[in-house]
Every structure is written in C-alpha cells, then in structure tokens.
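These notes are about the structure you will find just below.
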Amino acid sequence: MDKTALTAVLKEKFGFDSFKPGQAEVLEALTAGKNTLAMLPTGGGKSLIYQMMGNMRDGLVIIVTPLLSLMQDQVARLNYAGESKVVALNSTLPQDARRTILRSLDQYKFLFVSPEMLGQTVVQSALRKVKINLLVVDEAHTIVSWGPDFRPDYLALPQVHKKLGQPQLLLLTATATPKMMNDITVPFGLPESDWFIYRQSVDRPNIYLHTETLANEGQKRERLADLVRQLQGPGIVYFSSRKLATSMADWLAENTDRRVAAYHAGLDTMSRYRIQQQFMLGQIDVIAATSAFGMGIDKDNVRYVIHYHLSNDLANYLQEIGRAGRDGEQSAAILLYVPGDENLQLNMIDGTIPNREVVMGYYDKRFGADEIGRDKANLLDFYAKQGMNPDEVATMFEARRQQRQQDLYNLVNYAKSDAGLRRQLLDHFGDDAKSN
Ligand code: ADP
Ligand code: MG
C-alpha cells in the first residue's frame, strides 16, 4: 500500500492526521510483504505500526513483549481504543485460563506473549492452527543485549519463527548499533532481500548531554542532591540496585523539597502501578529507579534523567536517557561517575555469566544447582536441551563476557569525557547526524 492509502486508514481508524517519521515507510514495506526491522525512537509510535497491520489484515498479530507491565499497558491501551480482540498470555495466568485462551486463539486479533511462553510446545502447536498475520518482537534489541546469560528464550526466537512456519516479522527497537541490528536479523536465516531495515537517527537534539567525574561517593551524593534541588520538572534517577534506589529515595526526600519514590522490580505489581500513575499525574517529582523502570513508560515531560550509577552499556544508557524530553522540550541527561564505579558492573558480569570451570563442572555433574546457583543451572539446562555441547556453551559464554566488558568500557570512556559527548554517542550508533 502507498502512503496516501495508509494515511486514509490512519485517519479513519486512529484519528491521527499524519504519520510520525518512519511509520509510513515501515507500513509500506510490511504491506509489500517484507520482514522489517525498525529502529524508531522511544515515543516514536512503534505500537501503532502493528496495530494498523492488525486492522488492515486478517489473522493474529503476535507481539512478543519482555515485561508483564508492558504487556498489561499495551492491552489496556488497545482496549481503551475500542479494540476488544486482545489477549495476553503469560505465566501469571492459571493453567486453565491459559488453556482456554489457546483453544480460542482464532477469536483474537492481537496476542501479547512473553518469549518464555512462546517457547513452549503447547503454545506453538496452538499457534500453528491459526492464521498468523504478523510476528512482532517489541524491544527487539533484547535479543542481543540480553544475550545468552539472561532470558535465553529471546535467542531462541528465530527457531520458534521457523516452527511457526516463518510468518512475516516486525522487529522493533529504539536502540541498536548497526552491529546489533545485524546480529538481530542474521539468526532468522532469511535472505537479505527479504528484509526492510529502517534506521532513524538516535540523536535527540533537545536532550542536553553532560557528564561529571566526582572524587568519591560522598561528593557524588551531595552533587546529586544539588542537581535534584536545582533541576525543574519531573526527573528520573537511575541506581544500580534495589537497595540503593530505596535508601537514596528516602535520603533525597529528606534532603531536598522534592517528592521522591523508589521504583524497582522487587515491588509488588500494585505498588509499581501506583507509583507509575502518581509520576504520570505529577504527584511524584522524582523516581529513584533501577533499570526496571521506564521501558514503555509514556510520560512526555520528563525533564531530566540522572545516572547515579553506570548502565550496562551505551545502548542501555541511550534507552534510559531517551525517557527525557519526549515532548521535544529542553531536557538533560547527566551521568555522575566516580572512578571505579564500573567494578559494580564488572562483578555483576562475573556473577551472572558462568565461566568455563562452572560450565564443565555442571555438565559432568561435579557441581549441582546448589553450588552454582539456580539461575546458572537453568541457563545451562536450557542450552543442553538445545543440543549444544559443553565446550560450545563455555566458549559462547566466554565471548559474551568479553563483549559485555567491552561494552561497559565504552560507556566508562563516555563517562570520563567532558566534551564531544553527542559525537561519541552518534558515532557508536553509526549515526551521521550533525554533532553539536
Ligand atoms: P514507542 O513504542 O515507539 O515508544 P508508542 O507506540 O508508545 O511509542 O507511541 C507513543 C505515543 O505516540 C502514543 O501516545 C501514540 O498514541 C502516539 N502516536 C503514535 N502514532 C502517532 C501519529 N501518527 N500521530 C500522533 N500520535 C501518534
Ligand atoms: Mg513501545
């Protein structure tokens, strides 16, 4: 379909007059039958693309979503827009509710599903019985950035795609380097000519970029309080742990006149929802968050994002600061760094990625799950089930460790520089937008 025809649908079904940048190009490619990987900025209207495809074509749109909260949010939005044929399939549903859904898939137009759920054979066989309109992977950078050490079901999506008879793909992301985009598409094993790749500049000119190196933790804390006192409007401060997000939320509330709340994945669903709503409504000024906060959050007037700790890498950093200034107004992204801050992440990398000794020991039963930890045991079981041999698994994790360390050092270099920040970010993402 051409842009004029698409615009007519947009107006009639969604009430919008024009497309946001990239939406029309992606829809043209999809209606022409191309598999598509699209990188559009946060707030760029990625959901509208698959919603429109659901409206224009028969069959089920399957949307693979990493977080339960995102799933609920998307279902609510579609329901609100008058779409009733929407369902979410996830592990929180009781077994019989899941079975009922799987038996009545042909009643729905949109199915939200976690990658773990989609990995299940029962789910796949139910899906093989219905007509699939489109297989969407939202936040598709997670396929590579979460990698083999976290939620391996993401990496198995290409196999699932084959088992489902290779339905048309729509992979959506807001942050991916050219290398990541390549790594995302290649495992699907489709000829290059079947793909349409859309990349928009990652540059967000209205976000002022700033880094500061402080001598020690005490100074960093004081500096954070200064910033929170000075900066206007809603803000997000990112911390590396739940414990710190919680204690620093209290500390900031005492030491500034701002209303501060902590947000992390350890809170129950109701509290998370309540805090999100209060932030949306302006009843909370500052969220002291872990990286669990933000994916899919649709608040357009966040004025600043401060990182009290490093993210894992530049792609995550960019994703997190992208939550500022979606309304196009002046906003700030500030990274506070104390030399050695990276040790936290380095320890985390060591803690989560099994080394060769652990891999070999677990497979030849010298260590059990109690010794190496449940999470690692689950990972290793997963790869054994996939038919990989111990040496291959160990080598894969070694490469992964090196990659993650390198990615982290790229962010450390960014944190240590005080000039040319935008150029550095854009270069990393292979972006040739003008630097400033
Ligand atoms: P993303 O997933 O890319 O971060 P969303 O799909 O959540 O973005 O969309 C962000 C907002 O933009 C939503 O409120 C959506 O209704 C709105 N939106 C999407 N497409 C358009 C459009 N063509 N014109 C105006 N608003 C749009
Ligand atoms: Mg989205």
> Rounded if a/c is under 1.5, else prolate if a/b is larger than b/c, else oblate: which is the stretch 348-404, with a ≥ b ≥ c the root eigenvalues of its Cα gyration tensor?
Replying inline: oblate
> Rounded, prolate or oblate: which one fits the stretch 196-286, using the alpha carbon gyration tensor with axes a ≥ b ≥ c (rounded when a/c is under 1.5, else prolate when a/b beats b/c, else oblate)?
Replying inline: oblate
>> Rg and Dmax in Å for the stretch 1-83, alpha carbons only: what are they?
In response: 12.7, 36
>> Using 10 Å bins from zero, what percent of all Cα-Cα pairs in the chain falls into each bin?
In response: 4, 20, 30, 28, 15, 3, 0
> Leaving out same-chain residues fewer than 8 places away, which lysines sit with a Cα under 21 Å from that of residue 220?
Replying inline: 243, 416
> How big is the stretch 28-71 by Rg and Dmax over its Cα atoms, in Å?
Replying inline: 11.6, 32
> What's the carbon and sulfur percent of the chain's accessible surface, probe 1.4 angstrom, rounded to a whole number?
Replying inline: 50 percent
> Over the C-alpha atoms of the stretch 139-253, what are the Rg and the largest Cα-to-Cα span, Dmax, in Å?
Replying inline: 20.5, 57
> Which pairs, out of 109/163; 11/179; 129/299; 34/376, put more than 28 Å between their alpha-carbon atoms?
Replying inline: 11/179; 129/299; 34/376
> Based on the alpha-carbon gyration tensor of the stretch 54-146 and its eigenvalue square roots a ≥ b ≥ c, which shape applies: rounded if a/c is under 1.5, prolate if not and a/b is larger than b/c, or oblate?
Replying inline: rounded
> Any idea what % of Cα-Cα pairs in the stretch 212-361 are farther than 19 Å?
Replying inline: 53 percent
> Per-residue ellipticity at 222 nm for the chain, helices alone: DSSP H runs ≥ 4 residues times -39500 (n - 2.57), over residue total, nearest 500 deg cm²/dmol?
Replying inline: -13500 deg cm²/dmol
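The values are calculated or read from the model by the stated rules, or taken from the named source; none is laboratory data. On a predicted model such as this, the values are computed, not experimentally measured, just so you know. Protein only, heavy atoms only, side chains kept; ligands, DNA and RNA dropped before computing areas. Shrake-Rupley method; radii C 1.70, N 1.55, O 1.52, S 1.80 Å.
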